[in-house]
1. Among the residues of the stretch 174-198, how many are without any contact (Cβ under 8 Å) to a residue 24 or more places away in the chain, farther than 16 Å from residue 98 by Cβ and of a type outside the set (A, V, I, L, M, F, W, C)?
2. Looking for whichever is within 17 Å of residue 203 (Cα to Cα), assigned by TED's automatic domain parsing to the domain that holds residue 199 and at pLDDT 95 or above here; the options are 166, 182. Which one fits?
3. Go through (1) surrounded by fewer than 16 Cβ atoms within 10 Å (Cβ to Cβ); (2) closer than 18 Å to residue 125 by Cβ; (3) charged (D, E, K, R) for residue 27 and report which single condition fails.
4. Here are some conditions: (1) within 20 Å of the chain's Cα centre (by Cα); (2) at pLDDT 95 or above. Residue 176 meets all but one. Which one does it not meet?
5. Counting only residues that are touching a residue at least 40 places away in the same chain (Cβ under 8 Å) and either in contact with a helix residue (DSSP H, G or I) (Cβ under 8 Å, 6 or more places away or on another chain) or over 20 Å from residue 211 (Cβ atoms) (or both), how many does the stretch 128-146 have?
6. Taking residue 60 as the residue in question, decide whether it is over 16 Å from residue 182 (Cα atoms), at pLDDT below 90, acidic (Asp, Glu) and outside the structural domain of residue 164 (by TED's automatic domain parsing).
7. Using the structure shown, decide if residue 104 is in contact with a Ser or Thr (Cβ under 6 Å, 6 or more places away or on another chain), modelled with pLDDT of 95 or more, surrounded by fewer than 20 Cβ atoms within 10 Å (Cβ to Cβ) and assigned by TED's automatic domain parsing to the domain that holds residue 186.
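The values are calculated or read from the model by the stated rules, or taken from the named source; none is laboratory data. Keep in mind that what you see is a predicted model, and the values were worked out from it rather than measured. Backbone-built Cβ (ideal geometry, glycine too); neighbour counts: all protein chains shown.
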Amino acid sequence: MAARSKEELIGELRDCVVDMEDERVADVAREYVDAGYDVRDGIFDGLVAGMNRVAELYEEEEYFIPELLICSDAMYNGLDVMKPMLEGSDAPQKGTVVIGVVQGDTHDIGKNLVKIMLESSGYRVVDLGRDIAPEHFVEAVRDNDADVVAMSTLMSTSMANMGKVVEALEAAGLRGRVKVIVGGGPISQAFSDKIGADGYSRTATDAVKLLDRLLGYADAGAESPEASRA
C-alpha cells in the first residue's frame, strides 16, 4: 500500500487536534514519521495549526475549556511521537518563559491555558505551578536563563504580589533581561503599567501575540513556522 501524501497526513494531524481525536493522532503521527516526511512541517503545519484553530474556536465561544483541554491532549500526544525526531536538530525555539500563579492564589486553569498556547507556538515553558513566592520566580529566571516571566492571578487580594515579583527581579539585577507579562480576571493594562510590567493579556491567545510582539516575532510568520498565529 502506497504511503499517503505529506499534505494528506498534515491535514489529518490538524483535524485530529481540532476534532479532539486524542487517541488516533498518535497513529497518524507515526505514519507521518515512518513515511520520512519533514517532522517540523508535521508539527507546525499539522499539530500547531490545529491548536491555533482550536484557539479561534475558543475565542468564538464554540469551544470551551473542556474541549480546549482535550484538543491540547491530542496535540501533545502527537508531539510525543514527533518531537524525538527533532532532538539534535537545529530546530529553533522562540525563547524560555517562566510561568506561575502568584503567591496567595491556587487557581491555575488560566495559567494552564496560557502554557498550552505558548508551547504550541514554539516557546519553552517552565511551569512553576501556583501560589509561587517572588523569590521562586527569581530563582527560576536565573536557573533557566529565562526571557520572560508570565504571572497570573484570579484574586484581587493577590494582585500586589505581582508587583513584589517585579521588585524582586529588580533587586536581583534580573529585571533588565526579562520581559514581564501579567494576566487574570482582576488584572488590567492600568495595573500592569502601575507595577512596571511590560504588558497585559486578557486571554491565552492574546498572551502569545503579546510575547511575539515584545520579543520581535510578530512579523516572523513568513520566515519561521513557530510564529504561527495563536
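1. So the answer is 4.
2. The match here is 182.
3. With (1) surrounded by fewer than 16 Cβ atoms within 10 Å (Cβ to Cβ); (2) closer than 18 Å to residue 125 by Cβ; (3) charged (D, E, K, R) applied to residue 27, the lone miss is (2).
4. Condition not satisfied by residue 176: (1).
5. 2
6. So residue 60 does not fit the description; no.
7. yes
Residue by residue, here is whether (1) aliphatic (A, V, I, L, M); (2) in contact with a Cys (Cβ under 7 Å, 6 or more places away or on another chain); (3) surrounded by fewer than 21 Cβ atoms within 10 Å (Cβ to Cβ) holds:
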{"residue": "5", "(1), (2), (3)": "no, no, yes"}
{"residue": "8", "(1), (2), (3)": "no, no, yes"}
{"residue": "20", "(1), (2), (3)": "yes, yes, yes"}
{"residue": "34", "(1), (2), (3)": "no, no, yes"}
{"residue": "43", "(1), (2), (3)": "yes, no, no"}
{"residue": "59", "(1), (2), (3)": "no, no, yes"}
